[in-house]
């Protein structure tokens, strides 16, 4: 009854199954490893954010440009506050609100975006505390420029005057008449009673969309293993039922006399048969 397993057709099926299963398991394990690596990076990055806050602040110039190693480090800069902008659609402790962003004009010529704090509700310039006047020295966590559309950063345009969706040099250079550092600082303590905005882990180290894509690919590869095994057993059962019906004489006479290859692949024979001419 199982002699059909020795036919070339079933040799091909079995070889495919024996190669497909370990390949899918390998790919699924690799994707799972990628996800676990991202989880570890996320934990390490969060731990660095906490440890960096306890380190002594360093001058801003020593930490630029912002990298994964310098993101979250304590930075200090001296200058005078200038243009003030509001950053809408920012949550803190589960509440809707906005950041108060003020540009610090430093002696180096470029301005440093400084998030002085967070306020609840819709952006309202009348409720925002005025920035300190005169020369000030700020200390806070250094952050990389934001990318609109990533990590919860709004990408919508058409904001009212005095607002910006993202904290980045590319966005701010169109709003102020001077150069801006490709970085920003969030104060360790909120200014004028505002809540301080906590530092975040650098990009590429969190549980972002790519991390969950790895997890999704893992599930797909292991699901394909189950699909391959299911289809193999389904084909086997159908072949056994066909062989059993042949032994019991339940098949039509022409089916019993037809060679096994013709029974399994009848469409190949039909394709080679010449068609009768028409219209002659």
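Details
- In segment 181-203, the residues that are free of Cβ contacts under 8 Å to residues at least 12 places away in the same chain reach residues that are assigned to a loop (DSSP other than H, G, I, E, B) with C-beta atoms within less than 9 angstrom, at least six apart or across chains, in these pairs: 189/196.
- Of the listed requirements (1) modelled with pLDDT under 85; (2) part of a helix (DSSP H, G or I), residue 34 misses just one: (1).
Here's the yes/no breakdown for (1) surrounded by fewer than 19 Cβ atoms within 10 Å (Cβ to Cβ); (2) out of contact with any strand residue (DSSP E or B) (no Cβ under 9 Å at 6 or more places or on another chain); (3) at pLDDT below 85:
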site: 43; (1), (2), (3): yes, yes, yes
site: 46; (1), (2), (3): yes, yes, yes
site: 50; (1), (2), (3): yes, yes, yes
site: 54; (1), (2), (3): yes, no, yes
site: 65; (1), (2), (3): yes, no, no
site: 69; (1), (2), (3): yes, yes, yes
site: 74; (1), (2), (3): no, no, no
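Conditions (1) within 22 Å of residue 177 (Cβ to Cβ); (2) in contact with a helix residue (DSSP H, G or I) (Cβ under 9 Å, 6 or more places away or on another chain); (3) assigned by TED's automatic domain parsing to the domain that holds residue 181, marked per residue:
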{"position": "87", "(1), (2), (3)": "yes, no, yes"}
{"position": "120", "(1), (2), (3)": "no, no, yes"}
{"position": "130", "(1), (2), (3)": "yes, yes, yes"}
{"position": "134", "(1), (2), (3)": "yes, no, yes"}
{"position": "140", "(1), (2), (3)": "no, no, yes"}
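- Residue 159 meets all of the listed conditions (1) part of a loop (DSSP other than H, G, I, E, B); (2) more than 29 Å from the chain's Cα centre (by Cα) but one, namely (2).
The values are calculated or read from the model by the stated rules, or taken from the named source; none is laboratory data. Everything numeric in this text was worked out from a predicted model, so none of it was measured. So basically every Cβ, Gly included, is an ideal-geometry build from the backbone, and we count neighbours across all protein chains shown.
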